[in-house]
1. Which condition number in (1) in a helix (DSSP H, G or I); (2) in contact (Cβ under 8 Å) with a residue 40 or more places away in the chain; (3) more than 22 Å from residue 70 (Cβ to Cβ) is the one that residue 154 fails?
2. With the requirement that a residue be buried (at least 24 other Cβ atoms within 10 Å of the Cβ) and closer than 30 Å to residue 261 by Cα, what does the range 114-135 give you?
3. Quick check on this structure: which one of 92, 41, 51 is in contact (Cβ under 8 Å) with a residue 40 or more places away in the chain and under 26 Å from residue 213 (Cβ atoms)?
4. Out of 63, 43, I need the residue that is modelled with pLDDT of 95 or more, within 16 Å of the chain's Cα centre (by Cα) and either surrounded by fewer than 20 Cβ atoms within 10 Å (Cβ to Cβ) or not assigned by TED's automatic domain parsing to the domain that holds residue 294 (or both). Which one?
5. Being over 25 Å from residue 33 (Cβ atoms), touching a strand residue (DSSP E or B) at 6+ places or on another chain (Cβ under 9 Å) and either touching a residue at least 60 places away in the same chain (Cβ under 8 Å) or not in a helix (DSSP H, G or I) (or both) is the filter here; which residues of the range 274-304 pass it?
6. Counting just the residues of the range 207-220 that are touching a residue at least 24 places away in the same chain (Cβ under 8 Å) and part of a helix (DSSP H, G or I), which one comes out nearest to residue 285 (Cα to Cα)?
7. Filter the range 200-211 for residues that are touching a helix residue (DSSP H, G or I) at 6+ places or on another chain (Cβ under 7 Å) and surrounded by fewer than 20 Cβ atoms within 10 Å (Cβ to Cβ); which is nearest to residue 190 (Cα to Cα)?
8. Taking residue 306, is it surrounded by 16 or more Cβ atoms within 10 Å (Cβ to Cβ), within 16 Å of the chain's Cα centre (by Cα) and assigned by TED's automatic domain parsing to the domain that holds residue 93?
């Protein structure tokens with residue numbers, strides 16, 4: 001009992017300085033286990049946990065429903081950080097599309113890899129363009145996922161509802177390749193970085209093809225929304241694919257909340273960028289990442305002060321920004 005006063009004094013010291021207490025647990029929301037979001041979260045946690053003895057953070061990155069689910073979980077306090085498509089970051093902050101009200105405490109940390117909106121179809125389904133999906137059995141993605149949110153936007157732009165399909169399934173990303181090869185669906189959509197294991201599974205297990213996503217309504221989406229851009233899926237990334245695929249896409253982004261301590265976000269950002277070459281080796285989709293793009297591209301919510309402090313220290317951002 002004689003040490004009680006000392007313990008209280010130490011606790012008060014930590015509280016007063018804003019320093020990270022020992023064994024602070026942080027949770028990063030990801031996506032399905034076959035997707036790149038899961039690798040992003042796991043990779044960041046691996047780098048953070050290498051320095052636990054120094055900064056006191058312990059990180060976990062469970063599989064989740066994806067972009068929309070992650071932003072909602074950060075808002076409710078169930079997750080510290082998460083991965084989300086750049087369009088869903090915009091919608092979450094502004095309270096549009098899948099989000100009923102603005103989440104003004106949402107904060108950007110950095111962006112990661114490009115994510116083309118991808119359509120994969122059975123070769124025998126007669127699907128050569130996005131418009132050919134009409135009347136087909138299509139997996140449009142599980143509610144809460146970024147791919148579903150983008151599919152909803154594309155359908156609205158095309159003037160479609162789910163009634164356009166003979167079946168609109170809502171399978172998880174981990175289920176859709178097998179469903180395609182089992183002939184339970186004709187096609188699936190996926191907003192994902194490439195190369196991707198689930199898509200490779202489809203090409204390896206059955207006769208599948210990529211489908212171009214183009215048209216006047218896609219051009220209009222790109223023109224009207226700064227977070228969309230034309231995108232190409234190189235044929236070289238998948239065995240047996242002969243032609244590049246033309247589509248559009250977003251970027252994967254890493255987000256948090258203004259309620260998360262500056263020191264916490266600073267240490268996570270530091271863990272990634274102080275070990276940047278190691279991070280880039282953790283997935284082929286990270287291979288061409290550049291720091292300058294990652295601190296700007298696709299970030300539509302305000303930058304978290306912890307991230308901003310690190311970028312200023314590196315000379316990547318003006319101190320007055």
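1. (3)
2. 115
3. Details: 41 fails: under 26 Å from residue 213 (Cβ atoms); 51 fails: under 26 Å from residue 213 (Cβ atoms).
Result of the check over 92, 41, 51: 92.
4. Values: 43 fails: either surrounded by fewer than 20 Cβ atoms within 10 Å (Cβ to Cβ) or not assigned by TED's automatic domain parsing to the domain that holds residue 294 (or both).
That would be 63, the only listed residue that is modelled with pLDDT of 95 or more, within 16 Å of the chain's Cα centre (by Cα) and either surrounded by fewer than 20 Cβ atoms within 10 Å (Cβ to Cβ) or not assigned by TED's automatic domain parsing to the domain that holds residue 294 (or both).
5. 293, 295, 296, 297, 299, 300, 301, 302, 303, 304, listed by residue number.
6. Of the range 207-220, the ones touching a residue at least 24 places away in the same chain (Cβ under 8 Å) are 207-215, 217-218, 220.
Next, from what is left, pick out any that are part of a helix (DSSP H, G or I): 217-218, 220.
Details: 217: 28, 218: 24, 220: 27 Å.
Checking each candidate, the answer is 218.
7. Filtering first and then ranking leaves 201.
8. When the stated conditions are applied, residue 306 does not pass them.
The values are calculated or read from the model by the stated rules, or taken from the named source; none is laboratory data. These numbers come from a predicted model, not from an experiment. FYI the Cβ positions are ideal-geometry reconstructions off the backbone, even for glycines, and counts take in every protein chain you see.
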